[in-house]
Amino acid sequence: AGGAGSGGAARLAARAALRVGAGLVTLAPPAAAMAEHALPPDALMRRAVDDADALAQLSSDRRGMALCIGPGCGVTRAAALLDAVRAAARPTVLDADALTALAKAPGALPPDCVLTPHGGEFARLFPDLADQLSTDTPSRPKPTILLEAARRIGAVIVLKGPDTVIADPQGQVAIHSDPQIPWLATAGSGDVLAGIITGLLARGLPAFDAACLGVRLHGAVARRHGPGLIADDLIDGLAPVIAEWDG
């Protein structure tokens, strides 16, 4: 999580990870912002992480773990923590500010890493590929362009939009297209998706599978809820959708 006044995005992601079945979720803001996170749900753990050394110590716990960095983090803080995230070598979701930090300081990523950019963040990471996507008549299909991006960066990419495309470096690609849920374009929706995918990674799903299932769950909850959706509704709606699918 980021500094004071920007904790909502991280809490959305953390609550989503809990709801999707991560056994234990820890919010890690700077010490100065800890008081802001003393809010329900009580199931969330809190631990101050001020710098890369503190994150490295937290990541030294060898129990099953996945990391999520970016929602509400702040670009400067994300950049300062990025090397520790890489060194942790755990399944990781990079979202929001972490994607901007990565665009400024590219490098190797952890195994089972998922990037969840919207169009603008994708353009920062892959300006030449974004130019191809921005034309009315792209020279190549969107999935082909996403596959190239995934191979370049060595991670699963979820390019969010009404036709979300998911691609991995090994050549797998999936499309989730549902133009009938425009209300999913609401503040915090992407933070919830990042948390869902992180929770699925923590449960042991491979990165591509976690990304695909996360996008499906995200869309299914939005369809079930209908217009008037806010990001908190996505989290509250996960349990009935999961129960329905399990049945």
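The values are calculated or read from the model by the stated rules, or taken from the named source; none is laboratory data. Being a predicted model, the structure only gives us computed values, none of them experimental. With ideal geometry, Cβ positions are generated from the backbone for all residues, glycine too; neighbour counts draw on all protein chains shown. To get the accessible areas, we keep the full protein, side chains included, count just its heavy atoms, and leave off ligands, DNA and RNA. Shrake-Rupley method; radii C 1.70, N 1.55, O 1.52, S 1.80 Å.
When region 225-239 is filtered for residues that are closer than 18 Å to residue 12 by Cα and out of contact with any Lys or Arg (no Cβ under 7 Å at 6 or more places or on another chain), the ones remaining, listed by number, are 225, 228, 229, 230, 231, 232, 233, 234, 236. Note on region 53-79: among residues that are in a loop (DSSP other than H, G, I, E, B) and among the aliphatic types (A, V, I, L, M), the one that is modelled with the highest pLDDT is 66. Can you find even one residue in region 32-52 that is open to solvent by 20 Å² or more (accessible area, probe 1.4 Å), in contact (Cβ under 8 Å) with a residue 40 or more places away in the chain and assigned to a helix (DSSP H, G or I)? No: zero hits. Based on what the data block shows, is residue 237 open to solvent by 10 Å² or more (accessible area, probe 1.4 Å) and among the small types (Gly, Ala, Ser)? Criteria met by residue 237. Does residue 198 satisfy the condition of being without any contact (Cβ under 8 Å) to a residue 60 or more places away in the chain and among the polar types (S, T, N, Q)? Here the answer is no, as residue 198 does not meet what is asked.
Scanning region 165-196 for residues that are part of a helix (DSSP H, G or I) and either open to solvent by 30 Å² or more (accessible area, probe 1.4 Å) or over 15 Å from residue 16 (Cβ atoms) (or both) yields 182, 183, 184. Being more than 15 Å from the chain's Cα centre (by Cα) and hydrophobic (A, V, I, L, M, F, W, C) is the requirement here; does residue 146 meet it? Yes; evaluated as a whole, the condition is true for this residue.
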